[in-house]
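**Student:** Below are the structure tokens for one structure; questions will follow.
The values are calculated or read from the model by the stated rules, or taken from the named source; none is laboratory data. Bear in mind that the values here come from a model prediction, so they are computed numbers and not experimental data. Neighbour counts are summed over all protein chains in view; Cβ atoms, including those assigned to glycine, are modelled from backbone coordinates with ideal geometry. Keep in mind that these areas ignore ligands, DNA and RNA; they rest on the heavy atoms of the full protein, side chains included. Shrake-Rupley method; radii C 1.70, N 1.55, O 1.52, S 1.80 Å.
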Amino acid sequence: MEPLPASAEALELLAVSGDEDLGARAAWVAETLAEVVPQADAVAIWFADEDLTLVLVDPLAEVSRRVVDPVMRSSLALRLATSTRVISVVTIYSERVDVFAGRVSAVERAVGAVWGASVVDGDLAFDALQSAELAPAQLRARLVIDTAVGLLVGTRGLSIDEAEDWLDHVSRTGGHTALEVATQVLAARSWPDGA
């Protein structure tokens, strides 16, 4: 399985920021599922901590050539979780009908998914594709916000939590997004007399 262009871009942004673990986890999940479900045409992985969706596709499948309007006839959503929190949701897609009939337990075991919590054919519209297209912009926004938080920590002596709270407070009271406020913080810092 190979990442779609937006997912590949998101993985590059993560790697540049020092997070190569997410890419390794996505590759392992996709390859494991491709072995267990050879009819899988695509795999979408939503990572809870990062609130980020990546999509990987079989390069030989029709979906990789027809990403604009793919036709999925089977899907299986798996939940990977600890006893206290969801780590990720993995959805496998196929352009074939009834791919997961009688195979759900085996697929759950293969990736260590929560037993009995899977949903069959819940996302035949392939909605995860739209979320994956937003991933690069989400990561760029997160980088701006993280940089502004770091700047506030370094220049104002705030803790990380205090800096995040400050951004949240200023954005809510000013009617702006956290990204807009973070961008203003960074712009103010780049001025010769702004500190």
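**Student:** Can you tell me which of (1) free of Cβ contacts under 8 Å to residues at least 60 places away in the same chain; (2) among the acidic types (D, E); (3) open to solvent by 10 Å² or more (accessible area, probe 1.4 Å) is the one D51 doesn't meet?
**Tutor:** (1)
**Student:** Another question about this same structure. Which members of segment 126-153 meet the condition of being open to solvent by 70 Å² or more (accessible area, probe 1.4 Å) and assigned to a helix (DSSP H, G or I)?
**Tutor:** Within segment 126-153, Q130, E133, L134, R140, R142, L143, D146 meet the criteria.
**Student:** Ok, one more. Of the residues that make up segment 76-94, is at least one open to solvent by less than 20 Å² (accessible area, probe 1.4 Å) and more than 18 Å from A42 (Cβ to Cβ)?
**Tutor:** no
**Student:** Let me ask something else about it. Looking at (1) over 25 Å from A6 (Cβ atoms); (2) at pLDDT below 95; (3) of a type outside the set (V, I, T); (4) surrounded by 15 or more Cβ atoms within 10 Å (Cβ to Cβ), can you tell me which one E108 breaks?
**Tutor:** Only one criterion in (1) over 25 Å from A6 (Cβ atoms); (2) at pLDDT below 95; (3) of a type outside the set (V, I, T); (4) surrounded by 15 or more Cβ atoms within 10 Å (Cβ to Cβ) is unmet by E108, namely (2).
**Student:** Of all the strands (runs of 3 or more DSSP E) wholly in segment 11-99, which have at least 2 residues that are within 16 Å of A132 (Cα to Cα)?
**Tutor:** Once the strands (runs of 3 or more DSSP E) in segment 11-99 are filtered for at least 2 residues that are within 16 Å of A132 (Cα to Cα), what remains is 42-47, 52-57, 86-94.
**Student:** Just give me the residues in segment 154-190 being among the small types (G, A, S) and either part of a helix (DSSP H, G or I) or closer than 22 Å to L139 by Cβ (or both), in sequence order.
**Tutor:** G154, A163, S171, G174, A178, A182, A187, A188, S190, listed by residue number.
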